[in-house]
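Participant: Take a look at the following structure, please.
Every number in this text was worked out from the coordinates using simple rules, so none of it is lab data. Model, not experiment: these values are computed from the prediction. Every residue, glycine as well, gets a Cβ built from its backbone with ideal geometry; the counts of neighbours run over all protein chains shown.
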Amino acid sequence: MGGDFAPHATLQGAREALEAWPGLHLLLVGNEGVIRPLLAQHGFTPELMTRTELVHAFHTVAMDDKATCILKEKKDSSIRVAAQLVREGRAQGVVSMGHTGAAMVASSLVIGKLEGVDRPALASVLPNMMGKPTVLLDVGANVGSRAEHIAQFAVMGSVYAEEVLGVERPRVGILSVGEEDGKGTDVTKDASAMLRNIEIRFEGNAEGRDIWNGDFDVIACDGFVGNVVLKSSEALAEGIIGGLRESFMATPLTKFAGLLAKPALKRFKQKLDYAEYGGAPLLGVKGISIIGHGRSDAKAVRNAIRAALRAAEHRLHERIQERVALLLPQD
């Protein structure tokens with residue numbers, strides 16, 4: 001029920017996911033009185049309905065609600081009910097396009113944190129110049145992280161890149177202001193020191209340019225920094241696409257040039273499109289949690305479900321718990 005285009009985009013994306021993956025079963029959580037009349041309109045055939053179940057939840061968390069409202073005022077909200085399904089084992093994961101804070105609270109407190117994980121981290125998969133993904137985390141779940149938290153983010157991101165994205169021995173870095181070991185804050189230097197003593201492919205400090213040049217597969221940072229990087233990157237990508245479109249429409253000659261360049265521009269836009277990856281996994285919880293963009297369309301919803309399906313197939317949360325327990329010292 002969450003997101004700018006819900007429930008229509010959510011239902012269309014869910015239907016496309018069911019058609020794409022015959023082994024997929026979905027629990028659609030929300031106000032049944034709203035959802036059920038829309039199912040036929042969005043192509044839910046009797047065959048697809050055999051793999052679909054409606055779970056009623058009366059309330060929806062509005063964007064101006066506090067994230068913690070799901071704990072008291074809106075216990076029967078769709079995101080709280082969906083998280084409870086994961087906690088009870090009725091679902092392997094939850095996908096939400098709604099209130100990001102509420103989704104993180106539901107995932108951390110209702111589904112619960114993995115043993116040995118101090119703070120779950122929100123990971124974003126960004127396209128780099130090599131045509132491959134770069135995992136950046138944390139991008140907003142934690143503001144003001146300690147060194148041990150950033151070290152945990154790095155380990156969890158490495159597991160995600162390896163298990164879900166298929167990156168063999170991911171190259172891991174800590175986001176800093178210079179590539180030299182002595183640069184950065186005390187927090188980033190201490191996090192680097194922790195990672196040098198464990199068995200992951202840690203390659204030192206990563207600079208801002210390394211998010212895009214493909215020199216690292218996983219880059220860990222504090223959630224405040226990561227969120228600023230992510231939001232500015234989204235705005236820059238939109239600005240580039242909009243600027244190119246405006247330039248090509250300036251004169252008849254540039255319009256003709258734009259027509260010739262259209263296939264290349266389409267491929268370029270696809271590389272920058274967040275909808276290609278669907279959503280950001282919240283790593284470190286006892287299940288799968290994918291949190292999508294509020295502006296997600298059907299394509300983004302479909303791909304967010306794909307991300308959850310891949311994570312479930314690889315038993316991602318179990319792999320993360322194993323690696324965190326083995327590699328990082330516990331309190």
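Participant: Please give, to one decimal in nm, the separation of the simple spin-label points placed at residue 228 and residue 212, each 7 Å out from Cα toward the Cβ.
Facilitator: Label at residue 228, label at residue 212, 1.7 nm between them.
Participant: For residue 299 paired with residue 25, estimate the spin-label separation in nm (one decimal), with each label point 7 Å from Cα along the Cα-to-Cβ line.
Facilitator: 3.2
Participant: Going by a ≥ b ≥ c, the root eigenvalues of the Cα gyration tensor, does region 114-211 fall in the rounded group (a/c under 1.5), the prolate group (a/b larger than b/c) or the oblate group?
Facilitator: Details: a/c = 1.40, a/b = 1.11, b/c = 1.26.
Taking the square roots of the gyration eigenvalues as a ≥ b ≥ c, region 114-211 is rounded.
Participant: Quote the FRET efficiency, to the nearest 0.05, computed for residue 76 versus residue 38 with a Förster distance R0 of 25 Å and r equal to the Cβ-Cβ distance.
Facilitator: For R0 = 25 Å, the calculated efficiency reads 0.75.
Participant: Here's something else I'd like to know. Could you give the dipole magnitude of region 53-188 about its Cα centre, charging the beta-carbon of Lys and Arg +1 and that of Asp and Glu -1, in debye to the nearest 20?
Facilitator: 360
Participant: For a footprinting-style exposure proxy, rank 249, 97, 194 by other Cβ within 10 Å, fewest first.
Facilitator: 249, 194, 97
Participant: Fully extended, how many nm does the chain gain between residue 257 and residue 66 (0.36 nm per residue separation, minus their Cα-Cα distance)? Working shown, then result.
Facilitator: Values: separation 191, 0.36 × 191 = 68.76 nm, distance 4.89 nm.
63.9 nm is the gain from fully extending residue 257 to residue 66.
Participant: Now for a different question. Starting from the 7 Å offset along Cα-to-Cβ, what nm value, one decimal, do you get for the label separation of residue 113 and residue 250?
Facilitator: Between residue 113 and residue 250, the simple spin-label model gives 5.3 nm.
Participant: A further question follows. Tell me the relative contact order for the chain as a rounded percent, counting alpha carbon contacts under 8 Å between residues six or more apart.
Facilitator: Details: 637 pairs, mean separation 76.4, N = 331.
It rounds to 23 percent for the chain.
Participant: What does the charge dipole of the chain about its Cα centre add up to, to the nearest 20 debye, if the Cβ of each Lys and Arg holds +1 and the Cβ of each Asp and Glu holds -1?
Facilitator: The dipole magnitude comes to about 860 debye.
Participant: Can I ask one more? How much of the DSSP beta bridge set in the chain is antiparallel, as a percent to the nearest 5?
Facilitator: Percent antiparallel among DSSP bridges in the chain is about 35.
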